[in-house]
Amino acid sequence: MAKAQKQNETHSTKADDILKQAFDARQNLPHTLDKAETAAYISDVVLQLRNMAKSADLKFLVYFLEMSFQEAFSQSIGEGKK
């Protein structure tokens, strides 16, 4: 049980670090992002989260993050236009 708790703390710290980096990167952008750029940025962040979930064998979470990645990526390249 202690091992699982330590892994959760490690993953929580990694997630916090990724989100902080994403926030910092967003704050340092020279301009406001358009729809496609925002979607591309989100797809990058979600992909990192998906990879973390995959390494922790969180299969159901991987599924949802993969779907989120696919949607954001599609929007970033213009396939999501209706």
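How much length is gained if the chain between GLU79 and LEU61 is pulled fully straight, taking 0.36 nm per residue apart and subtracting their Cα-Cα distance, in nm to one decimal?
In short, 4.0 nm is gained.
Hey, can you rank 65-71, 39-45 by average C-beta count inside 10 Å, highest first?
39-45, 65-71
Each value in this text was obtained by applying a stated rule to the coordinates, not by laboratory testing. Values in this document were obtained by computation on a predicted structure and should not be read as measured data. When we count neighbours, we look across all protein chains shown, and the Cβ atoms used for this are built from the backbone with ideal geometry, even at glycine.
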